[in-house]
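*Asks:* There's a structure below that I have some questions on.
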Amino acid sequence: MWKFNSIKTKLIFYLIFALIPVFAVLLYGGENYMRDILYKNALLKARMLASEAARDIDSVTFDISTKPKEIANLVRDNLSDIDKINKLMESYVKNNGLIYGMALAYLPKYSPIKDYYCSYYYIKKGKIKAKQLIPPLYDYTKFDWFKKPLQLKKGIWSKPYFDKGGGDIWMSTYSVPIFNRKGEVIGIATADVSIKFLSKIVRRIKILKTGGAFLFTRNGDVLAPLGDKNVMKKSISEILTLYGKNKFKDLASAVFEQKGTYGSIHTKKSQYLIHYTPIRGTNWIIGVVFPKSELFLPMQKVRLYSFMIIFGGLFLVIVLIVFVSKNVTSDIERIKAISLKIAKGNFDVAIPENFADESKSVADALGVMQESLKKFMKEVEEKAKIENELKLARTIQSSFIPNEMELKIDDLEFRGISMWAKQVGGDFYGVNKIDENRVLFYLGDVSGKGIPAALYVAILKSMVEVLVKQTNSVKTIATFLNNYLSDIATCNAFATMFMGVIDKEQNTLEYLNAGHIPPVIFKNHAVSSLIIKGNVPIGVFNGFDFKIDKIPLDMFDGILIYSDGATDVLNSQGEEFGEDRVLDVVKKGMENNSDIVLDLKSAIDSFVGEADLYDDTTILCIKRI
């Protein structure tokens, strides 16, 4: 018999009366919090999807753009004839997988064969086709892909167009002007990307139920997706129908000014949220779109679950009051058992829902702790994976740039060491025997540190290994490296470098210093800096005319070359090691006839103490024995 004046009944009444507004506030606050979380997560996902797609497209456009630049360089430097260049373009189209077609077109007055010359290689149904795109069937001189780079004198991507008579598909073309040695533009080298290929990348983006992405240019032209509107996401189809070229052009201007932004688009039926991300190296923008209304569809289930929790909680309150002593004791024991399992590493142990109200809050907290521990362990595993990948990168770089080197070639002794400030470094060095009488040695320092610098190191090191088999001129090698790096480098990347060729037959050292610290030469206990001619670092000015020096071998017993990490390194008091300490180490090494490279490394280690290396440090010593 339930009586209102009983303690049990009053307690139930008062608890329910007190809990209903609490649950109402929690429900209201929870929904608002959930809305905020859903909104932020959707925007974050849109940004991540846009960034990922932008990276994918940037990778495609960058890879494609390098090929016509290589063709332009070959033509400019007369490194290959027309037939070989055509075969090279054919191999790029065949093997690259991203390029639809490539063309080499000359201005009529510079044509090597006739008034008009435009060789074009493209892929059609899996086979490589070739044709000459010349008037009257195809006047290439009137197309934007030919005219615009001539006017701007730089490489650009064209707006989307249907290449009738050429590739016969919708495409965008990257065109780069070809200069002769006089600096005159003589033609254009191109590479095409299929709009259908770009559309595949864009169509991969899916967000919420009907959200998707589209790609458009700074001039307002839509690149992707193209095709049947029934295949497109509903959100994209409606926006492309509503917006014209001028509106997209206005959007593009705002995006390039702010470098990525959020916005909203209103149609008659819906309001859409959109995130824009510009694609580096092009005038293209990726936009990820989704209806705002779809953000809060999960709220219906959340509301249902919330009411279920509320009524379940009220029911548990009544049960708790009736069976308080038994249930409380039972729940505590169960929670204790679950906690022990989680403590032993079983993060997937199930946490039951049928707790009384007081114990349920503890169980919920335990569930939060369980999820936090799972998330933490996952982060630990991911961090360990990244560390392993960096260790692998270090191992790979060490395979072609050893941390230590000791080499003897006839009466020459080469000793080198490299210490990296991070897992991988931006310094490189090497020694190559050209023939029986000549030996090339070099040391370089790429600007920056870590993975970006290591990538440029791999490029420069590999190119030196190839070039030394074709020429023994340090000037030729430096010129090629400089022009190539200035064409491909981003963020003003450059490299200081010292190169020398010892010619035992001529009894000379021919050397070139590209912005590097002057090496130290020593003879008969005398130490001095090598006199150098002023040159800019590799990659700063395309076409720079490097100056070389030459001295007799009798002028020195040995040469010490080092990167600026050796002099700029700081101790715990913020003091630099400096060039004077380097010279002191060399003098003592000569007096003691010791290993100068190891002496300098030991001096730097002692100077730094517990402090971390500020920069990569590389040392190369050549002795005549």
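*Asks:* Report the net charge of residues surrounding Y39, where surrounding means a beta-carbon distance below 15 angstrom and charges are Lys +1, Arg +1, Asp -1, Glu -1.
*Replies:* With Lys, Arg at +1 and Asp, Glu at -1, the neighbours total +2.
*Asks:* At a 1.4 Å probe radius, carbon and sulfur cover how many percent of the accessible area of the range 455-546?
*Replies:* On the way: 2220 of 3960 Å².
The value for the range 455-546 is 56 percent carbon and sulfur by accessible area.
*Asks:* Pop the C-beta distance of N219 and K40 into the FRET formula with R0 = 25 Å and round what comes out to the nearest 0.05. Display every interim value, and only then the final one.
*Replies:* Details: r = 33 Å, r/R0 = 1.32.
The calculated FRET efficiency here is 0.15.
*Asks:* Let me ask something else. Would you work out the charge dipole size for the range 567-625 about its Cα centre, treating the Cβ of every Lys and Arg as +1 and the Cβ of every Asp and Glu as -1, and quote it to the nearest 20 debye?
*Replies:* Values: 6 positive and 14 negative charges, 101 e Å.
Using Cβ point charges on Lys, Arg, Asp and Glu, the range 567-625 gives about 480 debye.
*Asks:* Taking the Cα-to-Cβ direction at R303 and at K247 and moving 7 Å from each Cα, how far apart do the two end points lie in nm?
*Replies:* 3.1 nm
*Asks:* Are there any GluC sites (Glu not before Pro) in the range 441-513 that are in a DSSP loop and have at most 14 other Cβ atoms within 10 Å? List them by number. If you can, show how the numbers build up before the last one.
*Replies:* Details: sites: E465, E505, E510; in loops: E505.
Answer in residue order: E505.
*Asks:* For T496, T618, what's the largest-to-smallest order of accessible area, 1.4 Å probe? Show your work: numbers first, answer last.
*Replies:* Details: T496 25, T618 0 Å².
Largest accessible area first, the residues go T496, T618.
*Asks:* How many nm is it between the label spots at S91 and K182, if each spot is 7 Å from the Cα in line with the beta carbon?
*Replies:* 3.2 nm
*Asks:* Treat each spin label as a single point 7 Å out from the Cα along the C-beta direction, and report the K269 to Q132 distance in nm.
*Replies:* Distance between label points: 5.4 nm.
*Asks:* From the Cα gyration tensor of the range 477-625, with a ≥ b ≥ c the square roots of its eigenvalues, which class applies: rounded if a/c is under 1.5, or else prolate if a/b is larger than b/c, or else oblate? Please report the intermediate quantities before stating the final value.
*Replies:* Values: a/c = 2.63, a/b = 1.14, b/c = 2.30.
Oblate, since a/c reaches 1.5 and b/c is not below a/b.
*Asks:* Pull out the extension gain between D595 and K200, defined as 0.36 nm times the separation in residues minus the alpha carbon to alpha carbon distance; nm, one decimal.
*Replies:* Values: separation 395, 0.36 × 395 = 142.20 nm, distance 5.98 nm.
Gain on stretching D595 to K200: 136.2 nm.
*Asks:* Can you give me the long-range amide H partners of L107? Hydrogens built in the peptide plane at 1.01 Å from N, cutoff under 5 Å, separation of 5 or more residues or another chain.
*Replies:* G187, I188
*Asks:* Follow-up. When the Karplus curve 6.51 cos²θ - 1.76 cosθ + 1.60 is applied with θ = phi - 60°, which whole-Hz ³J(HN,Hα) does each residue of the range 457-474 get, with x for Gly and Pro?
*Replies:* So the Karplus estimates, Gly and Pro as x, are 4, 4, 5, 5, 4, 5, 5, 5, 4, 7, 5, 5, 7, 10, 8, 10, 9, 5 Hz.
*Asks:* Something else: Rounded to the nearest percent, how much of the accessible area of the range 142-207 (1.4 Å probe, protein heavy atoms only) is carbon and sulfur?
*Replies:* Details: 1690 of 3120 Å².
Of all accessible area on the range 142-207, carbon and sulfur atoms account for 54 percent.
*Asks:* For a quick check: with amide H placed at 1.01 Å from N, whose amide H comes under 5 Å from G101's, ignoring anything fewer than 5 positions away on the same chain?
*Replies:* Under 5 Å from the amide H of G101: D192.
*Asks:* Starting from the Cα-Cα distance between F315 and E406, subtract it from 0.36 nm times their residue separation and give me the gain in nm to one decimal. Don't jump to the answer; show the numbers that get you there.
*Replies:* On the way: separation 91, 0.36 × 91 = 32.76 nm, distance 8.09 nm.
Difference between extended and current length: 24.7 nm.
*Asks:* Please compute the per residue accessible area over the range 419-504 with all protein chains in place, 1.4 Å probe, rounded to a whole number of Å².
*Replies:* 36 Å²
*Asks:* When you count, for each residue, the other Cβ atoms within 10 Å and take the mean per peptide, how do 42-53, 304-315 rank with the highest first?
*Replies:* In decreasing order of mean packing, 42-53, 304-315 become 42-53, 304-315.
*Asks:* Next up: If amide H atoms are built 1.01 Å from N in the plane of the peptide, which residues on other chains or at least 5 residues away come under 5 Å of the amide H of L570?
*Replies:* Sorted by chain and number, the residues that satisfy this are Y614.
*Asks:* What are the ³J(HN,Hα) couplings of the range 145-161, residue after residue, when phi is run through the Karplus curve with 6.51, -1.76, 1.60 and θ = phi - 60°? Round to Hz, x for glycine and proline.
*Replies:* Result, rounded to whole Hz: 5, 9, 6, 4, x, 5, 6, 7, 6, 7, x, 9, 9, 7, 6, x, 7.
*Asks:* In nm, what is the difference between 0.36 nm times the number of residues separating S572 and T141 and their Cα-Cα distance?
*Replies:* Working: separation 431, 0.36 × 431 = 155.16 nm, distance 6.43 nm.
Residue separation times 0.36 nm, minus the Cα-Cα distance, leaves 148.7 nm.
*Asks:* Right, something else. Whole-Hz Karplus ³J(HN,Hα) for the range 68-76, in order, using 6.51 cos²θ - 1.76 cosθ + 1.60 and θ = phi - 60°, x for Gly and Pro?
*Replies:* Karplus-based 3J(HN,Hα) across the range 68-76 equals x, 5, 4, 4, 4, 5, 4, 5, 4 Hz.
The values are calculated or read from the model by the stated rules, or taken from the named source; none is laboratory data. This is a predicted model, so every value here is computed, not measured. A quick note on method: Cβ atoms are made from the backbone with ideal geometry, for glycine too, and the neighbour counts reach across all protein chains shown. Surface areas here come from the heavy atoms of the whole protein model, side chains and all, with no ligands, DNA or RNA. Shrake-Rupley method; radii C 1.70, N 1.55, O 1.52, S 1.80 Å.
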